[in-house]
There are 4 protein chains.
Amino acid sequence: MIRVGIVGAIGYGGRELTRLLGIHPEAELVAAVELEGGTRLDDLLPQFRKLTDVVCETFDAETLAKRCDAVFIAVPGTKSMALGAALRAAGVRTIDMGPDFRIQDPAAFRQYYKVEHTAPELLPEAVYGLVPYYREQLRDAQLVAVPGCYPASVVFPLKPLIDAPLADVPIVVDAISGMTGAGRALAEAFHFPEMNENVKAYKVGVHQHTPEIEQELGNKFLVQFTPHVGPYSRGILSTITVHLKETIQVAPYYECYVDEPFVRVLGEGRLAELKHVRGSTFCDFGWVMDTRTRNLVIVSAIDNLVGGTAGMAIQCFNLMFGLDERTGLAFGGMAP
Amino acid sequence: MIRVGIVGAIGYGGRELTRLLGIHPEAELVAAVELEGGTRLDDLLPQFRKLTDVVCETFDAETLAKRCDAVFIAVPGTKSMALGAALRAAGVRTIDMGPDFRIQDPAAFRQYYKVEHTAPELLPEAVYGLVPYYREQLRDAQLVAVPGCYPASVVFPLKPLIDAPLADVPIVVDAISGMTGAGRALAEAFHFPEMNENVKAYKVGVHQHTPEIEQELGNKFLVQFTPHVGPYSRGILSTITVHLKETIQVAPYYECYVDEPFVRVLGEGRLAELKHVRGSTFCDFGWVMDTRTRNLVIVSAIDNLVGGTAGMAIQCFNLMFGLDERTGLAFGGMAP
Amino acid sequence: MIRVGIVGAIGYGGRELTRLLGIHPEAELVAAVELEGGTRLDDLLPQFRKLTDVVCETFDAETLAKRCDAVFIAVPGTKSMALGAALRAAGVRTIDMGPDFRIQDPAAFRQYYKVEHTAPELLPEAVYGLVPYYREQLRDAQLVAVPGCYPASVVFPLKPLIDAPLADVPIVVDAISGMTGAGRALAEAFHFPEMNENVKAYKVGVHQHTPEIEQELGNKFLVQFTPHVGPYSRGILSTITVHLKETIQVAPYYECYVDEPFVRVLGEGRLAELKHVRGSTFCDFGWVMDTRTRNLVIVSAIDNLVGGTAGMAIQCFNLMFGLDERTGLAFGGMAP
Amino acid sequence: MIRVGIVGAIGYGGRELTRLLGIHPEAELVAAVELEGGTRLDDLLPQFRKLTDVVCETFDAETLAKRCDAVFIAVPGTKSMALGAALRAAGVRTIDMGPDFRIQDPAAFRQYYKVEHTAPELLPEAVYGLVPYYREQLRDAQLVAVPGCYPASVVFPLKPLIDAPLADVPIVVDAISGMTGAGRALAEAFHFPEMNENVKAYKVGVHQHTPEIEQELGNKFLVQFTPHVGPYSRGILSTITVHLKETIQVAPYYECYVDEPFVRVLGEGRLAELKHVRGSTFCDFGWVMDTRTRNLVIVSAIDNLVGGTAGMAIQCFNLMFGLDERTGLAFGGMAP
């Protein structure tokens, strides 16, 4: 068994990783780092009673490195760069589910995250965990930056179109996320009665996933990324409108995904829905080529906590440890 | 009291109209047409027990015309043109909450609604019920076509921009509606367990509200309208992305709405939310002018059944009968 | 117009009262007390933009008494007794939507609310606002204690059964409330992702509405009151199981409600649903007499914020000011 | 690999079983019976694309028996007795997730299910799949009747109390289920806009799970079982009120469950919540002993599709095929 530690086990990403590790046949959770050091993990997360005896500990990179083959970091953005640096210094392979090691340009990081990066020297070795595009580098990676949930839902369908005849106007991405995307920090906006039956947009024009999306598209396009939240827990639906110089045959651009285990190309006129990916690692997408407007409208779906976070992280982990990359992930969405 | 009849009282639009008529001090519901003629309305709709003694009747235009000062039609699209023609022939003022009298071009109607219009001779006299733009015509209108819910949420913010320096690319509208937008007809897609925690797009590029939106913008722009449905009952949030030739000052374009009772311009950086309009007649919107992309991103909110249907219909009715147009509508959203 | 003030306008009860006052033809909101004195009410509650120019003020009983004919208090439990005492001393008629003046026995208040009552001298003059049972006293009341939401849903169906042949075992009440029942104070338990798709019970055996229910039943019965919360915003469904010494004919016990405007007796085998009361002042109930078990099972429904709070408060207000008690309330539930 | 067939793969129980079989390391789905014979399973259930190549077939017991080591039946109540009889005749081990083989008394079956049992001769050999109580019989079972979802949530906490000093009055069970409990058959009552924000009771006094619960409690008690549905997809919360002759120490009665892998006794004052069991096989429960009323109030939680159906079925399957009974099930709830 491969011994695994989690830093930040009780956040939403950490909980989902813990759940998925229960399914994984080759990995064992041996350490959980939380502020509540000394408390049993299943006292904090009763859903894991009778499944784990792990007692939470406070962060100590050396200790973790001795007892773990891999450590996942699942803490809020800007909080993982220091932890990641310490874990790398201690020599343990590290998988960061947060944003700190995704943006290669420290200036862009500063602009969007409003802090200075404290470990820029690690950026060159960090491998972006979007498996179809970084599969080989991931096998030997010591530090993985798991993609953001929104970027995964956008880059999967857009990256193959880099050489398509796109018009010179910004790509429009309107994406809606379930409430878990905002994490477990309390806020009046996310109080149940405030969000139930509500939908709204936020961070228009300034969301921190914008530079990540543009970076992974080779910084060849401007992306107008408008995130929304809706009254449900999980899942991101991204509607992507691409203006073209001419109508194209779309399907051939996506043949690259035919053997990808967790990317499902639905085809022309078949639109993705959240329910088909919930609880699973898949990214689904389909499209309509609108000849009237010369717009290609793509709709993609991902579970932000699985295909957009913990499932992708385990897929990377599987590659890093020489396992079949589908190990512990080859199950379908929970619908209903 | 002004005597009112409803054709189609038990659909979602009809129910909401019935609820609002209970609030209205000058209107009285005297007739309800339903297939279940002979049944008390409050047997079909128990929420109205102890409030009405109306017994449903089957459709007869002459009878309605004798007993009603105004008749509202609240039936599915393509089903109201025959009813409306009969009511007009019988001489009663008619307010159609469906789409049949909105599109002035019968060819566009045929293309999007897939049927031939059977009363095209009435189209010239039908007044489109978007009050700020048709207020004077509404006072004397004999036949009103209440705007569609999506179009209302899109045309309010876009129409004042007609003379702005828009780039020559389609306007992108990604809108999400609650499930009442699909009406009360059963479908597997709208079975509770199928839609809960689900979001999806539908009718991409072919939705019948596209020509209505373009018509009310003077057919000067192409609109890429992509509707979605989400796991909640009421409300439409429309996110509108307009590419501009140059950055503009936006606020002055919206001064036209300062005295409009039911259009609320929130301003730069203030984005509309569904919860602030639920159950009320308001359309709220705000925007971000993104100088990086030269896109103007507008977010508008409307309750599809009130501001998008029954409330707008009553506002028209008030004008038609010489009442203050706010009568029976001057209350705020139900939040939470 | 009767001039009205609200102390606590931005809590959920206060918001709903503000919404309903917009509908009421004889009342005008002239004062709103909030911690944020000096702020426009519609800046705090954007759903009321273009509807009110009221600027919030801090609490001053004398000032309120001069400008208002009636003051509603809508603050959390145990916070209104001091406010109510000050308002009464200033001579203004006061309607408290909180629990502080409901329990006539200060010892029971202390036991369940964990504080000493600071204005017990006002308890004798406080009139319990359950209209069918206190209608005459309400006309001249200077201080009204609006019933709790759970108690209203339970006492309406149970009080007429006081003389029925009940067995000598506790009455079982399992009630479920929407999340607004917990108010707007943030708590991890009510964070959207924690409560969505969740149901739970709370305060089993110790909920503070227990003595209120038992008091209004004449302290003749023990009530096992088990409250729950579910993943929705509004409404209380109470399922009441009464063990009987013998099977009874139930309908005659409820003839007392035939002319009550806001109590709707659905009858044998017709069970109440939340959707039929949402947004309205009604309490609906029906029942099954189970001859196999000799249990009478009653199911009642109320909107906790309207029929259970603000609507009931306005019904009391109408009586106090000589209006038809249905004024501003005679509309049906919002379904859907 | 143990070869498995499902009759009724696209119902909600069948879908969940298909999902769980994807996780199970020793079982392989080789046959799916549906009306749509000839269609790929993943065309009917897109969440399983890239996971299965199974093509649906129509029912043929002989064919299934040849190709499968075990067949699960997941069809609506009263539809499985004929299928089960055919499968048993063909000699394949059969696990019925429906109610047809649960009730040992054909008269009770007829009374509650309104049809005559067509295979009563199989009832003696059918083993009730409530593992803690039938573990040994399950190892050799040829025909298993998986318990109902409501009964599992009620019998787990009640069965150990059979010898407690219960008063001679009916036990009160008020249970609430998510909408998947009603299956995928369309009905206006379960149309999204009708059930969202709604709660209601149904089949009061006549629900078909009543005799199943009473049977498993040895027919020693009357149970007043009142089921409800609420606006969410999954999970049953059962609130059980037991009147006692005297106050008892409760914990010792539940020591029987200390080593049960999927029953979690939370203890005094710790109440179960749906979120901790969602997507998992656990039944959680806790209680309050109310000395004031001499009532024991127990709250239990189960995921109706997993712990209440497909997970329990796999636990039985594991026992039948000599596997560790936790195989493929040892993961925690999906929260959030």
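Here is how the numbers come out for the structure above:
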{"quantity": "Residue-level accessible surface for C:R184, protein heavy atoms, 1.4 Å, Å²", "calculated": "80 Å²"}
{"quantity": "Computed over chain D: relative contact order in percent, which uses C-alpha pairs under 8 Å that are six or more apart", "calculated": "16 percent"}
{"quantity": "Antiparallel content of DSSP bridges confined to the range A:150-303, in %, to 5", "calculated": "70 percent"}
{"quantity": "Fraction of the pair-distance distribution of the protein assembly as shown above 51 Å, Cα-Cα pairs, percent", "calculated": "29 percent"}
{"quantity": "Cα pair count fraction exceeding 38 Å, expressed as % - chain A", "calculated": "12 percent"}
{"quantity": "DSSP-loop GluC sites (Glu not before Pro) across the range A:190-256, with at most 15 other Cβ within 10 angstrom", "calculated": "A:E246"}
{"quantity": "Isotropically averaged projected area of the range B:150-303, using the convex hull of Cα atoms (one quarter of hull area), nm²", "calculated": "9.4 nm²"}
{"quantity": "Relative intensity, log₁₀ I(q)/I(0), of the range D:67-115 from a Debye sum that treats every alpha carbon as a point, q = 0.16, 0.19, 0.20, 0.29 Å⁻¹", "calculated": "-0.45, -0.60, -0.66, -1.10"}
{"quantity": "Spin-label pair C:A185/B:T39, simplified geometry with 7 Å Cα→Cβ offset, distance in nm", "calculated": "4.7 nm"}
{"quantity": "Extension gain (nm, one decimal) between D:K220 and D:R326, 0.36 nm per residue minus Cα-Cα", "calculated": "35.0 nm"}
{"quantity": "q = 0.26 Å⁻¹, the range C:41-104: log10 I(q)/I(0) [Debye, one scatterer per Cα]", "calculated": "-1.09"}
{"quantity": "Per-residue average of Cβ from other chains inside 10 Å of B:24-31", "calculated": "1"}
{"quantity": "Antiparallel DSSP beta bridges within chain D, percent to nearest 5", "calculated": "45 percent"}
{"quantity": "Per-residue HN-Hα couplings for the range B:302-312 [Karplus 6.51, -1.76, 1.60; θ = phi - 60°; Hz; x = Gly/Pro]", "calculated": "8, 8, 4, 8, 10, x, x, 8, 6, x, 4"}
{"quantity": "Nearest-10 value in Å² for the accessible area of B:L222, using the 1.4 Å probe", "calculated": "70 Å²"}
{"quantity": "Whole-number D in µm²/s for the range B:234-290 (Stokes-Einstein; Kirkwood sum over Cα pairs; 37 °C, 0.692 mPa s)", "calculated": "262 µm²/s"}
{"quantity": "B:V206-D:V55 pseudo-label distance in nm [points 7 Å out on the Cα-to-Cβ vector]", "calculated": "2.9 nm"}
{"quantity": "Chain C: most fluctuating residue of C:I240, C:I162, C:I298 per GNM, C-alpha cutoff 10 Å", "calculated": "C:I162"}
{"quantity": "In Å², nearest 10: area of C:C56 left accessible to a 1.4 Å probe", "calculated": "10 Å²"}
{"quantity": "Inter-part distance where the range B:233-288 and the range C:1-79 are each reduced to a Cα centre, Å", "calculated": "26 Å"}
{"quantity": "Dipole of chain B, positive direction: furthest Cα of B:I302, B:V223, B:G148, with charges on the beta-carbon", "calculated": "B:I302"}
{"quantity": "Global size of the range B:216-334 as Cα Rg and Dmax, reported in angstrom", "calculated": "15.6, 49"}
{"quantity": "The range D:150-303: relative contact order as a whole-number percent, Cα under 8 Å and 6+ apart", "calculated": "28 percent"}
{"quantity": "For the range B:246-336: relative contact order, % (alpha-carbon pairs under 8 angstrom, 6 or more apart)", "calculated": "27 percent"}
{"quantity": "Cubic angstrom per residue, convex hull over Cα atoms of the range D:103-172", "calculated": "124 Å³"}
{"quantity": "Ratio of Rg to Rh over the range B:54-141 (Cα coordinates, Kirkwood Rh, two decimals)", "calculated": "0.97"}
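The values are calculated or read from the model by the stated rules, or taken from the named source; none is laboratory data. Values in this document were obtained by computation on a predicted structure and should not be read as measured data. Backbone-built Cβ (ideal geometry, glycine too); neighbour counts: all protein chains shown. Accessible surface areas use protein heavy atoms only, side chains included; no ligands, DNA or RNA. Shrake-Rupley method; radii C 1.70, N 1.55, O 1.52, S 1.80 Å.
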